[in-house]
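Novice: Have a look at this one before I ask anything.
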2 protein chains.
Amino acid sequence: MRASEDPATVVFEPDGNNAMVKQGLSLLDAALTAGNRIRSECGGNGKCGKCRVLVENQSALTGPTAHEARLISSQEADRGVRLACQARVKSSVVVLVPPESRVGQRKMQVTGDERPMVLDPTVRKISVVLPRPTLTDVKPDLERLTDALRDAHGLDGLGIDYDLLKRLPRVLREAGWEVTATVWDDARIIALEPGDTSASLFGAAVDLGTSKIVVHLVDLLTGETRGVGSVENPQIVYGEDLLTRVSYTVAEGGGLEVMQGQAVNGVNEALREACRGAGVDTASVYEAVVAGNTVMHHFLFGLEPRHLSVSPFTPAVKRALSTEAGRLGIDMNVGGIVGALPVVAGFVGADAVADILSSGVSESCEATLLLDVGTNTEIILSHSDGITSCSCASGPAFEGGHIRHGMKAVTGAIERVTLDPASHRATYETIGGVRPRGLCGSAMIDAVAELWRHGLIDGTGRFKQILDAQTLRLTDGKTEFVLVQEDESATGRDIVVTQRDVNEVQRAKAAIYAGCSLLLKRRQLADADIAGILVAGAFGRNLDPENAKTVGLVPDVPTDRIRFVGNAAITGAKMALASKKAREEAADLSKRVGYLELSADPLFGPEYASALFIPHRDPARFPTVKPG
Amino acid sequence: MRASEDPATVVFEPDGNNAMVKQGLSLLDAALTAGNRIRSECGGNGKCGKCRVLVENQSALTGPTAHEARLISSQEADRGVRLACQARVKSSVVVLVPPESRVGQRKMQVTGDERPMVLDPTVRKISVVLPRPTLTDVKPDLERLTDALRDAHGLDGLGIDYDLLKRLPRVLREAGWEVTATVWDDARIIALEPGDTSASLFGAAVDLGTSKIVVHLVDLLTGETRGVGSVENPQIVYGEDLLTRVSYTVAEGGGLEVMQGQAVNGVNEALREACRGAGVDTASVYEAVVAGNTVMHHFLFGLEPRHLSVSPFTPAVKRALSTEAGRLGIDMNVGGIVGALPVVAGFVGADAVADILSSGVSESCEATLLLDVGTNTEIILSHSDGITSCSCASGPAFEGGHIRHGMKAVTGAIERVTLDPASHRATYETIGGVRPRGLCGSAMIDAVAELWRHGLIDGTGRFKQILDAQTLRLTDGKTEFVLVQEDESATGRDIVVTQRDVNEVQRAKAAIYAGCSLLLKRRQLADADIAGILVAGAFGRNLDPENAKTVGLVPDVPTDRIRFVGNAAITGAKMALASKKAREEAADLSKRVGYLELSADPLFGPEYASALFIPHRDPARFPTVKPG
């Protein structure tokens, strides 16, 4: 046996997880094998620089790559900093994963504004006692059951799940002919249980997000939310953004099955958590309604997603989908139904339909903007003539991506920033009140707004001057603003906002503002016509509306017209779960909502370019926004 | 290694098949392993005595069992005759399988009387050319397809097979947006092919019998039958009769899956044969309609059959069933639909519904009896007030079971017998015109009728006198009638009709006659009211109507009112395949046809006892039947 073929042991500290791996494997893949989760927003392509790890014995690894040369400073390299996705194992090694590289527990927006609704779920339970068959009453089992359901509840022409039919004779006899049938949409028997179990009927509303998966467990007899579960989307190890994940399904044989499996795993984990909290058996969950963007929707149902990633970005299907839980592997009643809300277009998915449903914007006669901010931001404009939508690639900046010390809104993230007008020293609040590890999206907005307000950056976003090492300084020839000193941070390093970070925020906000602006323009509406702006998504929860206007993220309307609607997607999914009428409304919405493809609109480029300025190239667009 | 653990080689002559087997295995199982098919109507339980084989070196086998002592005469034992199911392998051995023990090619009744019908199949093909998606036309793939089908053919609200939806984006693009959709019941897209394939659309009508499986390949664009395939039901190695097979599913874990798999294999084999003959790819078959008795129907669909074998004999389902071919493993288009006609009751199955459908008895205002004779005989009485059915256990006598030299209607079977009035020597006809190997059912009827007609048996079926060694003789203390001398037979042995054989025929015909009689009685009808008797099934094809009356199998009506309708089941299946209206009629029939459970009728016992006589205990019932 040659030495180069010996397996190597890789230990990940501080957790102590370890794995025996083949030589040549990247530390990132070794971490996956060891069950250690390291951030890799770019999908392990050496681009995001989030997978920094510390290794003392560099001789156990392959040498630094060009990606590492670009993303790791010489001082850092001297300390043993490597990118886990680039460094490959040569022999056994101990790896330290610093806090900022670990996948943390995310701060979830799990409760949205709930609208009152009439409880009328699609699944219902009916308990019946059947007469036993005799030689003078030889009616077959299924007809014995359906006749009883018809006689007791007027349900005619009921079908039955084929797998259930196979077990029907046994179930009826073991139950002594006293059973509870679960009926879906008054059309099909999906489950059958011995005795009377009609007092227990649950459903799951699922927000299947790119980064997070949230499940609400709903008691369908009362409409109450009984439990909540949430997890990071496990697909994240295949790439932070959806296009990376779609590319994976194109490049790898069986890649779609992997993505589907990960989506199912994530839903199951969140669903189990929600059930555990409520003390409910997952087998008592008979329906799940899923809201998610179109790519996640395709992943979950195993639909070919590759055409969502290339122009003209065509989904496989628009209408609401449903299939048996057992067929997807969702851990609920095996005959239960997993349904997805319909989608509008490739970049305006079932989550946007859920947003519209729960926010009620479609019922307003006044012009209202609804933004669901994320890596892709969906923008909905409801007005007297109808509803139009668009989607813009706002990038991961507001979720911490492409930002030097950016991170998601999890414990340790700075979520609010203000600058002292005189000293320019920052004051901040962190999630969980602990020492800061980095900045989440709302803090980035605050920081950029404050830097501009206090004259530290100009309208193009450029830092104007160097001040001192505690605020605005030059490092490795580049300007950066110090938010937190190393002795205050959880990482032992300064937390800074770089010139590039400011530019990233500008690009993100410009895309969103340009989308809003074009939607309004195409409908001959001015900013003054906007009666309200609703912001949905985890990002929006801590967003300062004044700062959002200051950086030019949203049109300049009176601040009291800007409202955060929380996790509107899950609220919409819950409405569809609890009410047939809401579900019909969703179907109707998906047909009614128009779609504007920004990449096909010749005005988008100029609009975007003008919106890169803070707040805008044309200050007249933001009459109320002034430097401090 | 101990000597007792050495494997042994078993060679089956004259085919020369062989297998290495463990010691202790029965010769019957060894034959299965070697791919040699030996008859075993009782399922290898030592009861039917059909698996006789010859072995010279008896020391290579275990000794004779009690079953063998009962079924094998001392002379036969001296010649080395053994039952393959009883003799177990001790060491390597050569086994001769005589012709009468081999599973032969059965004479199939594959073409029934076909009624003219309007061609309107449930599956149809539609070819469409779709506009390619663009940035200004981003309609999702499924809606692009369904909108085109709606615009071209007015089909609205079409669903799609979930597995097909997963492949939809790829199929549409690989086809360059020109595709042919196969639509089922104007409701669901089940297949999608590149280009215009609308000129090729086939269906399969399947008669899934206890003993045989027949498939007709039908061109659904013309209604023509293009090919025929038929095989022995491969389940037969698990028992000739259905109750033995049901017991197997109860006794063995996974037994139902085995039976289902064998049914699927048999259908596939017959289907492939039908397609091969017509030069048609099995993937061009988009629908199969199956007619079969209720047990076979449960086996094919994997429905729990055990309750069909115990009182009150309740089926799992009555209505027509359908599921995807891919789900069952039927070798046709993977999205194709396999449907079963509805059933009436546990012993009156989809085959009987098909019989009624194709015979048109339900449309007659006059009283008509329809008999589908087999191990279980279904009897249908159609009359002015409605349709009633019953089933009687007529036993396997008419298919050669429980008859010393009985065999199925395959090559070498005697199918017609007459006796010379003076010499009492038999003259006979065989299937295929070859040397005789045994008697099939119609010959048994002929033989018993002739024996009674010529005064050799009395009304109780008892042989009256011994004549001579060439006709009626005593062997081992038992009377038997010699039909064929050893020098004329293919087996080198005399072919005889024993006292027990005559009694078996009496029991079978008595059950059928009692069923007919009770059905008529319960409807206040007399024999004189019967406008027609239709006999269906392979048995009926060569049945002499005069002899059928003489033995008392059917009521005494003028001979010209007795008609053979051939394989009415497959004709009914074809009608349902080719015409939606016929399918609706079948659904309606299954609801309308009443069922009389004979075992619950107190008159059945006395009726049966009286009918055991030839032609009947009460000669007034058979006024036209006289001894010759």
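Novice: Using Cα positions and a limit of under 17 Å, work out the aspartates and glutamates in reach of B:K22, with same-chain residues fewer than 8 apart set aside.
Specialist: Partners within reach: B:E5, B:D6.
Novice: As a test of the definition: which semi-axes, in Å, follow for the stretch A:288-435 when you take the square root of five times each eigenvalue of its alpha carbon gyration tensor? Largest first, please.
Specialist: Over the Cα atoms of the stretch A:288-435, the ellipsoid semi-axes are 34, 22, 16 Å.
Novice: For the stretch B:403-506, go through all pairs of different Cα atoms, get the mean of 1/r, take its inverse, and jot down that Kirkwood value in Å.
Specialist: For the stretch B:403-506, inverting the mean 1/r across all distinct Cα pairs yields 13.4 Å.
Novice: Mind checking which lysines have their Cα closer than 27 Å to the Cα of B:K509? Skip sequence neighbours fewer than 8 apart in that chain.
Specialist: B:K47, B:K50, B:K107, B:K212, B:K408, B:K464, B:K478, B:K521, B:K549, B:K626
Novice: Got the relative contact order for chain B handy, in percent, Cα pairs under 8 Å and 6 or more residues apart?
Specialist: The value is 13 percent.
Novice: Hey, which residue of B has the C-beta nearest the axis mapping B onto A, and what's the distance in Å?
Specialist: With distances in whole Å, chain B gives B:R327, 5.
Novice: Stokes-Einstein at 10 °C, 1.306 mPa s, Kirkwood radius from Cα pairs: D for the stretch B:123-194 in µm² s⁻¹?
Specialist: 132 µm²/s
Novice: Among all the lysines, which ones have a C-alpha under 22 Å from A:K581's C-alpha, if same-chain residues fewer than 8 places away are not counted?
Specialist: Result set, ordered by chain and number: A:K125, A:K318, A:K591.
Novice: How far apart, in nm, are the 7 Å Cα→Cβ label points at A:D15 and B:S599?
Specialist: A separation of 6.3 nm, rounded to one decimal place.
Novice: Still on this structure: Can you list, shortest first and in nm, the gaps between the label point of A:G432 and those of its counterparts in the other copies, using a point 7 Å from Cα in the C-beta direction?
Specialist: From this label point to the equivalent ones elsewhere in the assembly: 8.3 nm.
Novice: Efficiency by 1/(1 + (r/R0)^6): what FRET value for B:R167 and A:T33, r their Cβ-Cβ distance, R0 = 30 Å, to the nearest 0.05?
Specialist: So, using R0 = 30 Å, E works out to roughly 0.35.
Novice: Measure out, as a whole number of angstrom, how far apart the alpha-carbon centroids of the stretch B:237-291 and the stretch A:487-552 sit.
Specialist: The distance from the Cα centre of the stretch B:237-291 to that of the stretch A:487-552 comes to 65 Å.
Novice: Let me ask something else. Using only the Cα atoms of the stretch A:202-340, what semi-axes does the equivalent ellipsoid have when each is the square root of 5 times a gyration tensor eigenvalue? Give whole Å, largest first.
Specialist: Taking √(5λ) for each eigenvalue gives 27, 15, 12 Å, largest first.
Novice: Given label points at 7 Å from Cα along Cα→Cβ, what nm distances, shortest first, separate A:D420 from the same residue in every other copy?
Specialist: 13.4
Novice: Oh, and also: For the stretch B:6-101, what relative contact order do you get, as a whole percent, if you take Cα pairs closer than 8 Å and at least 6 residues apart?
Specialist: Result for the stretch B:6-101 is 40 percent.
Novice: In nm, give the distance between the simple-model label positions of A:S311 and B:K22, each being 7 Å from the Cα along the Cα-to-Cβ direction.
Specialist: 6.8 nm
Novice: Still on this model: Can you pull the one-decimal nm distance between simple spin-label points at A:E429 and A:K478, each 7 Å off the Cα toward Cβ?
Specialist: Spacing of the two 7 Å Cα→Cβ label points: 3.1 nm.
Novice: Taking H placed 1.01 Å from N in the peptide plane, check which residues at least 5 places from A:G566 or on another chain put their amide H under 5 Å from its amide H.
Specialist: A:G537
Novice: With Cβ to Cβ distances under 10 Å as the rule, what net charge do the other residues near A:T62 carry (K, R +1; D, E -1)?
Specialist: Cβ neighbours under 10 Å give a net charge of +3.
Novice: Which FRET efficiency, nearest 0.05, do B:T411 and B:E76 yield, Cβ-Cβ r, R0 22 Å?
Specialist: Efficiency computed from Cβ-Cβ geometry: 0.35.
Novice: Taking square-rooted eigenvalues a ≥ b ≥ c of the alpha carbon gyration tensor, is the stretch B:34-86 rounded, prolate or oblate, where a/c under 1.5 means rounded and, failing that, a/b exceeding b/c means prolate?
Specialist: The shape class here is oblate.
Novice: Continuing with this model, one more query. Over what distance in Å are the Cα centres of the stretch A:162-185 and the stretch B:332-390 separated?
Specialist: 28 Å
Novice: Translational diffusion coefficient of the protein assembly as shown at 10 °C, 1.306 mPa s, Stokes-Einstein with Kirkwood Rh over Cα pairs, in µm²/s as a whole number.
Specialist: 44 µm²/s
Novice: Same structure, new question: Per q in 0.05, 0.06, 0.10, 0.12 Å⁻¹, report the Debye log10 I(q)/I(0) for chain A, using one uniform scatterer on each alpha carbon and no solvent.
Specialist: Debye curve over Cα of chain A, log10 I(q)/I(0) at q = 0.05, 0.06, 0.10, 0.12 Å⁻¹: -0.26, -0.37, -0.93, -1.23.
Novice: Take the stretch A:3-101, compute every pairwise Cα distance, and split them into 10 Å bins from 0; I just need the percent in each bin.
Specialist: Going out from 0 Å in 10 Å bins, the stretch A:3-101 shows 18, 55, 26, 1 percent.
Novice: What is the mean number of Cβ atoms from other protein chains located within 10 Å of the Cβ atom of each residue in peptide B:298-310, rounded to a whole number?
Specialist: For peptide B:298-310, the averaged partner shielding equals 3.
Quick note: the coordinates plus some simple rules give every number you see, no bench work behind them. This one's a predicted model, so the numbers in the text were calculated from it and none came from an experiment. With ideal geometry, Cβ positions are generated from the backbone for all residues, glycine too; neighbour counts draw on all protein chains shown.
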